[in-house]
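Enquirer: Just passing along the structure, written as structure tokens.
The values are calculated or read from the model by the stated rules, or taken from the named source; none is laboratory data. Note that the coordinates shown come from a computational prediction; the quantities given were computed from them, not determined experimentally. All Cβ positions, glycine included, derive from the backbone under ideal geometry; neighbour counts span all protein chains shown. The protein model used for the area step is the full one, side chains on, heavy atoms only, and it has no ligands, DNA or RNA in it. Shrake-Rupley method; radii C 1.70, N 1.55, O 1.52, S 1.80 Å.
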Amino acid sequence: MQATSSLNSWQRSTARRILLAGGVIAYPTEAVWGLGCDPWDQAAVERILALKQRPVEKGMILVAASVDQIRFLLDPLPEALQQEAIRHWPGPVTCLLPDVNRQIPEWVRGQHDSIAVRVSDHSGVQALCNAAGMPLVSTSCNPAGRQPARYSWQVRRYFGPQLDYVVPGALGGNRKPSRIIDIVTGKQFR
């Protein structure tokens, strides 16, 4: 179920400015609040990893507004694999895509040869990615070992002034995190 709230022009402009300046934001997604940044900004990604107390080796998810935003990852793949990924989007499915041309930095990819990608159907996430003009890092908003934030007050309790912007909005209708599917093997991880 898609969230009905979107961002006004001031919120989009603020998020864009902060993301392009290397900032870290919290924002509502389909099921929980997320932390996000520009995936090509190593310092920003490292800030998220430090906030979450998450090892870089685990890798992180990229979220996009549309298939076009991640087309550069799909184009090197065989047509059958492209179609396998596209059939799950937009929606609550994260696909593991082989990063055959090493286009995503290791500080996002972690120790993996593939990258986790979701094309969101959440209007606020779409607005953020469109405002930034790129897919964003998307990881649950919580320190390691704690429950992901489902309310903005939890976001503030976990991270408070360590964030550059808390994007207003509502969660989507999903109660569970996105499924993760390896498009090469078909294996489902959650």
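Enquirer: Tell me yes or no: at least one residue of region 170-183 is open to solvent by 40 Å² or more (accessible area, probe 1.4 Å) and part of a strand (DSSP E or B).
Expert: yes
Enquirer: Oh, and also: For region 126-137, state whether one or more residues are modelled with pLDDT under 95, surrounded by 15 or more Cβ atoms within 10 Å (Cβ to Cβ) and of a type in the set (Gly, Ala, Ser).
Expert: no
Enquirer: Just give me the residues in region 88-109 being open to solvent by less than 40 Å² (accessible area, probe 1.4 Å) and either closer than 13 Å to residue 181 by Cβ or touching a residue at least 60 places away in the same chain (Cβ under 8 Å) (or both), in sequence order.
Expert: Once the filter is applied, which keeps residues that are open to solvent by less than 40 Å² (accessible area, probe 1.4 Å) and either closer than 13 Å to residue 181 by Cβ or touching a residue at least 60 places away in the same chain (Cβ under 8 Å) (or both), region 88-109 yields 88, 89, 91, 93, 94, 95, 96, 97, 98, 104, 105, 108.
Enquirer: Failed condition for residue 150, given (1) within 29 Å of residue 10 (Cα to Cα); (2) open to solvent by 30 Å² or more (accessible area, probe 1.4 Å); (3) touching a Gly at 6+ places or on another chain (Cβ under 8 Å), with all others met?
Expert: The failed condition is (3).
Enquirer: Please return the ranges of helices (runs of 4 or more DSSP H) entirely within region 96-168 where 1 or more residues are under 24 Å from residue 6 (Cβ atoms). Walk me through it before giving the result.
Expert: Values: elements: 106-109, 123-132, 152-159.
Those helices (runs of 4 or more DSSP H) span 123-132, 152-159.
Enquirer: Report, ordered by the first and then the second residue, all pairs with beta carbons closer than 8 Å, sequence separation of six or more or different chains, a first member in region 152-171 that is under 15 Å from residue 32 (Cα atoms), and a second member that is open to solvent by less than 70 Å² (accessible area, probe 1.4 Å) and charged (D, E, K, R).
Expert: Taking only residues 6 or more apart or on different chains, the pairs are 171/30; 171/150.
Enquirer: Sticking with this structure for a sec: Looking at 158, 165, can you tell me which residue is touching a Pro at 6+ places or on another chain (Cβ under 7 Å) and modelled with pLDDT of 95 or more?
Expert: The match here is 158.
Enquirer: When the residues of region 30-47 are filtered to those that are buried (at least 21 other Cβ atoms within 10 Å of the Cβ) and of a type outside the set (Gly, Ala, Ser), which remaining residue is nearest to residue 163 (Cα to Cα)?
Expert: Among them, the one singled out is 35.
Enquirer: Restricting to region 1-42, name every residue that is of a type in the set (A, V, I, L, M, F, W, C), modelled with pLDDT of 95 or more and touching a Gly at 6+ places or on another chain (Cβ under 6 Å).
Expert: The answer is 25, and nothing else.
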